[in-house]
């Protein structure tokens, strides 16, 4: 009797590589030592890691948009319309305003200043460090800024202290005092070429090729200055999300696992068994081709036809062929029905978002919000997160730039979102208007926002509450004739205002 044999073939799917193919090359690896300080984390990897996260990039974009996205504005250091401000002082303040306005306008000729600073803010949130290069004009005044890629920048050790002047004010009188200060140097390396920079405010002349202070350095080899924005007080900044880096990598691995299941895991729904025979070569080739369709698209909705050959057996009556039995056994009960680690991924997103102190509405997840909760979340985040960040940036600019520009009456500020609702404000103002405690010019800006246009202010003689204007017109009829305004027109105007307010209240 011929012994029955069975042939088993196991087809193994291709497995993904367990190691990254990316190369995080540090051009400074042979340059660290007594002069150049090595950062605690690989800046190149930190900068690119957001590309592999489903939440980190949204958080960083929310920071950049809400910190610098609304643009810069100028402010006076004190009220220009105060009663104790003389006309000469007003002229000086207005002159400073124009000079600072022009300074901001021409800081960069290729990009708006908000974009340049936004690139630095983005680097700071990714790696903990952002850099800006400062350009000076022929008079030694700051005149321009350029973005510096943080992954190519390194911090050097402190230099010998230098005596410099600081402006102070005593009893309303501006004066200068001298203090000793230590400055850092910075170095950029691209394709093996080094360029040195000095910290902003360092008065010494430095050679950009050697990093040495040399008064005889030619003009074209003099180093520019750098402003270093960083998170924390260390030599290098530390990303605010660094404590969640394990969750970030874990969430990425979970997504890769689900992707590979979709790509390759579909070949395990069933097992094909052959009894008393074996698959023909043609059927085996067909099955192999079916298994090699890794994308799961080419063979979708096709029939799989398998042909098997029985094993010949010798009996007393002669050689016979045993009938072949082919079975397909379902393995669906051991398959995952949905993506794995969904709860883990959700928790990881919450942890990363919490590191930035952002509510979900800022990352595009507003399904659980209504108007009241969204307004509350936005106001709290604006107060606790974005306003302090804007003050940090503008405070650094004002401290460094305004002294060099000799501007004492104006300062830079970053705009924020306007949460005011004109309808709500009108409802609040109604009782005050009826009580005669509001003049027309007090409301012109608000009315202009409602109408969507800029409104000019009324003349000073009419910048009084409506009730006082009517009383004044009765006592002095010539006032109306002088302004070509009839008493009846004022009555109708007051009635229109009251009707509008009543409509807003209802």
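The values are calculated or read from the model by the stated rules, or taken from the named source; none is laboratory data. Here the structure is a predicted model, which means the values were calculated and not measured. Using ideal geometry, Cβ is built from the backbone for each residue, glycine included, and neighbour counts are taken over all protein chains shown.
Looking at the range 225-233, can you tell me whether even one residue there is farther than 21 Å from residue 64 by Cα, surrounded by 12 or more Cβ atoms within 10 Å (Cβ to Cβ) and free of Cβ contacts under 8 Å to residues at least 12 places away in the same chain?
Among the residues of the range 225-233, not one is farther than 21 Å from residue 64 by Cα, surrounded by 12 or more Cβ atoms within 10 Å (Cβ to Cβ) and free of Cβ contacts under 8 Å to residues at least 12 places away in the same chain, which makes the answer no.
Answer yes if at least one residue in the range 404-424 is in contact with a strand residue (DSSP E or B) (Cβ under 8 Å, 6 or more places away or on another chain), in a helix (DSSP H, G or I) and closer than 21 Å to residue 200 by Cα, and no otherwise.
We begin by selecting, within the range 404-424, every residue in contact with a strand residue (DSSP E or B) (Cβ under 8 Å, 6 or more places away or on another chain); these are 404-405, 408-415.
Narrowing the set further to residues that are in a helix (DSSP H, G or I) leaves 404-405.
From what's left, closer than 21 Å to residue 200 by Cα: 404-405.
Yes, the conditions are met somewhere in the range 404-424.
(1) modelled with pLDDT under 70; (2) in contact with a helix residue (DSSP H, G or I) (Cβ under 8 Å, 6 or more places away or on another chain): which one isn't true of residue 478, the others all being true?
(2)
What tally of residues in the range 339-366 results from selecting those that are closer than 20 Å to residue 52 by Cβ, under 17 Å from the mean Cα position of the chain (by Cα) and not in a helix (DSSP H, G or I)?
Residues meeting the conditions: 4.
Which condition from (1) out of contact with any helix residue (DSSP H, G or I) (no Cβ under 6 Å at 6 or more places or on another chain); (2) modelled with pLDDT of 90 or more is the one that residue 86 breaks?
So the condition that residue 86 fails would be (2).
Just one of 333, 314 is part of a helix (DSSP H, G or I), more than 21 Å from residue 56 (Cβ to Cβ), at pLDDT below 75 and more than 22 Å from the chain's Cα centre (by Cα); which is it? Spell out how you get there, then give the answer.
Numbers: 314 fails: part of a helix (DSSP H, G or I).
The conditions single out 333.
Restricting attention to the range 160-182, does a residue exist that is within 28 Å of the chain's Cα centre (by Cα) and touching a residue at least 24 places away in the same chain (Cβ under 8 Å)?
Taking the range 160-182 as the starting set, the residues that turn out to be within 28 Å of the chain's Cα centre (by Cα) are none.
So far as the range 160-182 goes, no, none of its residues is within 28 Å of the chain's Cα centre (by Cα) and touching a residue at least 24 places away in the same chain (Cβ under 8 Å).
Taking the conditions exactly as written (surrounded by fewer than 15 Cβ atoms within 10 Å (Cβ to Cβ), at pLDDT below 70 and under 17 Å from residue 327 (Cα atoms)), does residue 304 satisfy them or not?
Values: surrounded by fewer than 15 Cβ atoms within 10 Å (Cβ to Cβ): yes; at pLDDT below 70: yes; under 17 Å from residue 327 (Cα atoms): yes.
Yes, satisfied.
Does at least one position in the range 153-171 carry a residue that is in contact with a helix residue (DSSP H, G or I) (Cβ under 7 Å, 6 or more places away or on another chain) and farther than 18 Å from residue 196 by Cα? If you could, list the steps in order and put the result at the bottom.
Pass one, the range 153-171, residues in contact with a helix residue (DSSP H, G or I) (Cβ under 7 Å, 6 or more places away or on another chain): 167.
With the extra rule that they be farther than 18 Å from residue 196 by Cα, the set shrinks to 167.
Among the residues of the range 153-171, at least one is in contact with a helix residue (DSSP H, G or I) (Cβ under 7 Å, 6 or more places away or on another chain) and farther than 18 Å from residue 196 by Cα, which makes the answer yes.
Just to verify a result, which residue in the range 453-468, among those that are in a helix (DSSP H, G or I) and out of contact with any helix residue (DSSP H, G or I) (no Cβ under 7 Å at 6 or more places or on another chain), is farthest from residue 429 (Cα to Cα)? Full working, then the answer.
Of the residues in the range 453-468, the ones in a helix (DSSP H, G or I) are 460-462, 466-468.
Next, from what is left, pick out any that are out of contact with any helix residue (DSSP H, G or I) (no Cβ under 7 Å at 6 or more places or on another chain): 460, 467-468.
Values: 460: 21, 467: 16, 468: 18 Å.
In this case the residue turns out to be 460.
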